[in-house]
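Below is one structure, written out as structure tokens, with a few remarks after it.
What follows draws every value from the coordinates through simple rules; no lab data is involved. Bear in mind that the values here come from a model prediction, so they are computed numbers and not experimental data. Cβ placement follows ideal geometry from the backbone for every residue including glycine, while neighbour counts extend to all protein chains displayed.
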Amino acid sequence: MAGNNRRMSGKKGAQIGSGGQRRRGLEGKGPTPPAEMRKGHKKNRIANAKTKQVQRRPVARGRGGKGTSELVVGRNPVVEALREGVPANTLYVQQFIDNDERVREALQLAGERGGINLMEAPRPELDRMTNGLNHQGLVLQVPPYEYAHPEDLLDAAADGGEDPLVVALDGVTDPRNLGAVVRSVSAFGGHGVVVPERRAAGMTAGAWKTSAGTAARTPVARATNLTRALEQYKKAGVTVVGLAADGEAELGELDALGGPVVIVVGSEGKGLSRLVGETCDFRVRIPMPGGAESLNAGVAAGIVLYEAARRRG
């Protein structure tokens, strides 16, 4: 019994070494990631919940097909795209990024909108995604645009009990011009824009930005063949009016603008193509006392849309 009451020896055995773990544990690990990207944080859970809600919503499929996905690269372009409401599904953020004002704003805007996944990625991965562009640690993925079908624009007008007012673009390749036309169509109560499938500007991030958010409510339809689409419009009772510097009629003389009409705008350099010009019911010119040779597509469309809206009003 006495032997059992003896104190255990105080002799210590060999201690196991840390293997350098303690030293590495004291080393810096870079800036603290934003709250939205820290697992377990309240803001991270809210962002994930919003993403799942959006993913469960039914998505309307456009009959005009899809465009291609796009990457917006760099801190300023990403912030501007998020400010303008450009659609996005993923914001890629470089690991251990310098957390400046633009990075914080991009994360805040993405979190407030909801439905945008926040992904942390190492710099080599972002370099690979962007083919070596100067992404500055921020990359925004824009999903493919869901184009409408040209007939959908007539259906939208019929649903509203209105005469169709549509703009078709022939040979316009600058996305900013497309965005400006979308904005004008929205401002003057039009029902949408038609673009050719090939050799034409599409709904890119640049077009979305120029539209100033109006692309969210003004459909853009894509036609496999613009001439055939215009012929179908004519069969449906819609007047096709082409803009041309040498048009036979002046804009103010055309009474057809007060009824169902599609306005065709050509490129600034070449104007209307031959087949499209021959398909038009009327070719009209915009009087320009100042002597300018031509107007860009956005300005020209805005002038004619105003005249059409004035006549309808």
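For Lys209, list the aspartates and glutamates whose Cα falls under 12 Å from its own Cα; do not include residues on the same chain fewer than 8 positions away.
Glu80, Glu84
Which aspartates and glutamates have a Cα lying under 14 Å from the Cα of Lys270, excluding residues fewer than 8 positions away in the same chain?
Asp170, Asp174, Asp246, Glu293
Contour minus end-to-end for Met129 and Glu278, with contour as 0.36 nm per residue of separation and end-to-end as the Cα-Cα distance?
Length difference between fully extended and current span is 49.1 nm.
Would you mind calculating the relative contact order of the stretch 233-313 from Cα pairs under 8 angstrom and at least 6 residues apart, reporting the percent as a whole number? Could the numbers behind the result be given before it?
Details: 113 pairs, mean separation 32.4, N = 81.
Relative contact order for the stretch 233-313 comes out at 40 percent.
So how much slack lies between Arg63 and Gln95, counting 0.36 nm per residue of separation and subtracting their Cα-Cα distance, in nm?
Working it through step by step, the gained length comes to 7.6 nm.
How much length, in nm to one decimal, is gained on full extension between Ala158 and Arg113, taken as 0.36 nm per residue of separation minus their Cα-Cα distance?
12.9 nm
What is the packing order of peptides 99-112, 209-222, 182-195, taking the mean over residues of other C-beta atoms within 10 Å and listing the highest first? Walk me through the numbers on the way to the answer.
On the way: 99-112: 16.9, 209-222: 20.6, 182-195: 23.6.
The densest-packed peptide leads the list: 182-195, 209-222, 99-112.
Report the FRET efficiency, 1/(1 + (r/R0)^6), for Glu248 and Asn76, where r is their Cβ-Cβ distance and R0 is 35 Å, rounded to 0.05.
For R0 = 35 Å, the calculated efficiency reads 0.15.
With a/c under 1.5 counting as rounded, go ahead and sort the stretch 70-119 into rounded, prolate or oblate using the C-alpha gyration tensor (a ≥ b ≥ c being the square roots of the eigenvalues; past the cut-off, prolate if a/b is larger than b/c, else oblate).
It comes out rounded by the Cα gyration axes.
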